[in-house]
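Bear in mind these aren't lab numbers, they're just calculated from the coordinates by the rules spelled out. The structure presented is a predicted model; accordingly, all values stated were derived computationally and were not measured. In this analysis, Cβ positions are derived from the backbone assuming ideal geometry, glycine residues included, and neighbour counts consider all displayed protein chains.
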Amino acid sequence: MKLTIEDVRSRFIKHFDGSTGSVYASPGRINLIGEHTDYNNGYVFPGAVEQGMIAELKPNGTRNVDAYSIDLKDRVQFSLDDDKGPKASWARYIYGVCREMMALGVPVQGFNTAFAGDVPLGAGMSSSAALESTYAFALNDMFGDNKIDRMELARVGQRTEHKYIGVNCGIMDQAISCLGKAGHLMRMDCRSGEIAYFPWHPKGYQLVLVNSCVKHELAGSPYNERRLQCEHVAEVIAKKHPEVKSLRDANYDMLEEVKSEITADEYKRARYVIGEVARVLAVCDALEKDDYETVGQMMYETHHGLSKEYEVSCEELDFLNDVAKEEGVTGSRIMGGGFGGCTINLVADELADNFKKVVVEKFEKKYGKKPIIIDVVIGDGARKLC
């Protein structure tokens, strides 16, 4: 069921003083192609979705933030002047955004807030970025007279992840959440920050997410580990090719030159990233020609790379990808960081209903649980609702 303003407002009224504040929203996202390229300074190609986060905020005349998570039924208070911040992980996102906005000179004051989301958690649709973007946009509107541009608001979210959550993410998720545009995908150069919008009204095709409802928790942080592996390969290549600042600048020949100087895992990670940077550009070219077969082929190649080279897939996601191939789906791949979550599928209209039915049946038969089908509608970025 779609989340509404009323869902959030009713809880805000209940948990605070009965009055109302201002309501803001930011979306989750899909990423058509370009996975794990953002922190390698490559290209990504996301779109904002209709699902996201909605929050109501009202200044309370103090230096304290009183926050209520409707979904978790949890309430946390913290001071804007506390250097340590709250312990609850969800509250640290809000705290981090507040602190980073203050560092930009925005005179943030205490406020009451309640929020909820309809981005499926663990589905790779970036519920955390939606949360960060909602509060960055809201604080900029309420206290900053909208002086901070949307890309800097995205960086506020990214810095929050880095400094307060401990995830060294790239900029893609926050950027599309802040800068998304209904009916368009957004290609972003993660080095320069340059963005370009591409109309997304595919005739004869639709995007379908299949949420495996699986999230494998792995020891340590495989995300951060892969980032370090990529950075190390780029450093080794740069000794022979000083122009290479990140894997975005490298090619397969350069990688082969240093194969003996890096580990087998590092070689595989770099091979995937170099290929993925090229695939994003190939998809952009294909879309300008309405060549969805090529788009789909690139998606399947990305899945193979994520599964066998970057090794962030899992049995369930590979199974969903195999079912898509068997059912004649044009393109299918893991979406998000991996180790669970969704596949994103480019499906011809005439095959869509049958695919949704068959993939649910086959997955349930094999794993004893039903995946969730999510139809994708490309929506707008961060905004004030009322």
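Computed quantities for the displayed model
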{"read-out": "For the range 332-386, diffusion coefficient by Stokes-Einstein and Kirkwood Rh (Cα), 10 °C, 1.306 mPa s, µm²/s", "value": "117 µm²/s"}
{"read-out": "Cleavage-rule hits (trypsin sites (Lys or Arg not before Pro)) in the range 250-352: DSSP loop, at most 13 neighbouring Cβ within 10 angstrom", "value": "Lys289"}
{"read-out": "Under 10 Å, Cβ to Cβ, from Gly47 - net charge with Lys/Arg +1 and Asp/Glu -1", "value": "+2"}
{"read-out": "The range 5-200: translational diffusion in µm²/s, Stokes-Einstein, Kirkwood Rh over Cα pairs, 37 °C, 0.692 mPa s", "value": "197 µm²/s"}
{"read-out": "Bins of 5 Å from zero: percent of alpha-carbon pairs in the range 92-139", "value": "5, 19, 30, 21, 14, 7, 4"}
{"read-out": "Computed E for Glu235/Lys289 - FRET, C-beta separation, R0 35 angstrom, nearest 0.05", "value": "0.40"}
{"read-out": "Packing-based exposure ordering (other Cβ within 10 Å, fewest first) of Cys342, Cys190", "value": "Cys190, Cys342"}
{"read-out": "Of the GluC sites (Glu not before Pro) in the range 146-214, those whose Cβ has at most 15 other Cβ within 10 Å and which sit in DSSP loop", "value": "Glu194"}
{"read-out": "The range 182-266 pair-distance distribution - Cα-Cα, 10 Å bins, rounded %", "value": "13, 27, 26, 27, 6"}
{"read-out": "Net length gained if the chain between Glu225 and Ile372 were fully extended (0.36 nm per residue, minus Cα distance)", "value": "49.9 nm"}
{"read-out": "Net charge of Cβ neighbours under 14 Å - reference Val76; Lys, Arg +1; Asp, Glu -1", "value": "+1"}
{"read-out": "The range 1-101 - convex hull of the alpha-carbon atoms, volume per residue in Å³", "value": "142 Å³"}
{"read-out": "Separation between Cα centres of the range 53-106 and the range 268-309, rounded to whole Å", "value": "39 Å"}
{"read-out": "Cα principal axis extents for the chain, largest first, Å", "value": "60, 53, 40"}
{"read-out": "Mean separation of Cα contacts under 8 Å (6+ apart) over length of the chain, as relative contact order %", "value": "23 percent"}
{"read-out": "Simple label model, 7 Å out from Cα along Cβ direction - Met151 to Asp17, nm", "value": "4.1 nm"}
